[in-house]
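Please read the structure below before turning to the comments.
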Amino acid sequence: MTTLDKIIQLRDLGAATVYEAQGAKGALDSGMKPIDPTSRMAGPALTVDARPSDNLVLHYAVLQAKPGDVLVVDAKGFMEAGPWGDVLTIQAMKLGIAGLVINGCVRDANLIIDLGFPVFCRGLSIKGTGKNQPGKVNVPVCIGGVVIHPGDIVVGDRDGLVVVARDEVDHAIQTSLAREEKEAHMREAIQSGTSNTAALLNLGDALKRFGLV
C-alpha cells in the first residue's frame with residue numbers, strides 16, 4: 001500500500017475512529033471545526049508558526065508545500081483577524097494543497113466553501129492582516145493541546161481533527177480497521193435484537209454498583 005493509499009484510508013476511516021483506535025490521543029480541541037461540515041481531509045502536515053494578525057509567512061508557506069500537504073498554522077488563536085481568504089485558497093488549490101488547519105480565523109468563508117477547499121479553524125473574522133512579521137515553517141507547533149510535527153498526518157472531518165504521528169500510521173490504520181469491524185458487529189447485534197449496548201460493553205457490574213439495575 002502506498003503512502004497516498006494510507007492517507008486516503010485514514011481519511012475514509014474518519015477522525016473519531018482514528019482518535020479512539022490509537023488510544024484516545026491526538027485530538028485537537030473541539031474549538032477547531034470545519035467551515036463546511038461536509039469537509040473531509042487528510043494529509044501530511046506542513047507546519048507554520050505565524051504571528052497573530054500577520055500573514056506574510058502564509059504566503060511563503062504555500063510556496064513550500066507539496067501536493068497533498070495540509071497547511072497547519074499556529075496563529076496563536078487570535079480571533080480579530082482573518083489571515084487566510086479566497087485568494088490564498090485559490091493559490092493553494094492550484095498547487096494541490098489538501099487543506100488548511102489554522103489556530104485562528106479565516107474570512108471569505110462562502111467563497112472558500114464554494115471552491116470546495118477544506119478549512120478547519122476557530123472562527124471567522126472580516127478583519128485584514130499585516131505582512132510585516134516573520135514566522136517559521138516546518139517546525140513543531142502546538143494547537144489545541146496537541147504537538148504537531150512536520151510530516152505528521154492530519155485527519156479532519158465534521159467531528160473534528162486528529163493527528164497521527166508519521167511513524168504510527170500503519171498501527172493507526174490496523175487498530176482503526178479492527179475498531180470498525182467490532183462496531184459493525186455491535187450494530188448488527190443491536191439491529192437484530194440479540195443484544196444491547198450495556199451487554200456488548202460489559203457494563204452490568206458498573207450499573208449494579210450504582211444501583212441502576
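Here are some notes:
- Output for segment 195-213, where each listed residue is under 21 Å from Glu183 (Cα atoms) and loosely packed, with under 10 Cβ neighbours inside 10 Å: Asn202
- All positions within segment 1-60 that are touching a Phe, Trp or Tyr at 6+ places or on another chain (Cβ under 7 Å) and within 16 Å of Ile148 (Cβ to Cβ): Gly26, Ala27, Met32
- Contact annotation: residue pairs with Cβ atoms under 9 Å, 6 or more positions apart or on different chains, pairing a residue in segment 181-200 that is charged (D, E, K, R) with a partner that is loosely packed, with under 11 Cβ neighbours inside 10 Å, are Glu188/Thr194.
- Taking the criterion of being in a helix (DSSP H, G or I), more than 12 Å from the chain's Cα centre (by Cα) and touching a residue at least 40 places away in the same chain (Cβ under 8 Å), the residues of segment 4-38 that qualify are Leu4, Lys6, Ile7, Gln9, Leu13, Thr17, Glu20, Ala21.
For (1) over 18 Å from Pro44 (Cβ atoms); (2) out of contact with any Cys (no Cβ under 8 Å at 6 or more places or on another chain); (3) buried (at least 23 other Cβ atoms within 10 Å of the Cβ); (4) among the hydroxyl-bearing types (Ser, Thr, Tyr), each residue gets a yes or a no:
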{"site": "Ala65", "(1), (2), (3), (4)": "no, yes, no, no"}
{"site": "Gly68", "(1), (2), (3), (4)": "no, yes, no, no"}
{"site": "Val72", "(1), (2), (3), (4)": "no, yes, yes, no"}
{"site": "Gly82", "(1), (2), (3), (4)": "yes, no, yes, no"}
{"site": "Met93", "(1), (2), (3), (4)": "no, yes, no, no"}
{"site": "Ala109", "(1), (2), (3), (4)": "yes, yes, no, no"}
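- Residue match in segment 100-123 (condition: charged (D, E, K, R), in contact (Cβ under 8 Å) with a residue 24 or more places away in the chain and in a helix (DSSP H, G or I)): no
- Enumeration of residues in segment 40-63 that are buried (at least 24 other Cβ atoms within 10 Å of the Cβ) and more than 19 Å from the chain's Cα centre (by Cα): Asn55
- As for segment 145-166, it holds at least one residue that is part of a loop (DSSP other than H, G, I, E, B) and on the phi > 0 side of the Ramachandran plot.
- Residues in segment 26-39 that are surrounded by fewer than 21 Cβ atoms within 10 Å (Cβ to Cβ), among the small types (Gly, Ala, Ser) and more than 21 Å from Leu111 (Cβ to Cβ): Ser30, Gly31.
- Being over 29 Å from Thr3 (Cβ atoms), in a helix (DSSP H, G or I) and either touching a residue at least 12 places away in the same chain (Cβ under 8 Å) or not assigned by TED's automatic domain parsing to the domain that holds Gly135 (or both) is a condition met by no residue of segment 61-80.
The values are calculated or read from the model by the stated rules, or taken from the named source; none is laboratory data. Quick caveat, the model's predicted, so the values are computed rather than measured. Here Cβ is always computed from backbone atoms with ideal geometry, including for glycine, and neighbour counts include all displayed protein chains.
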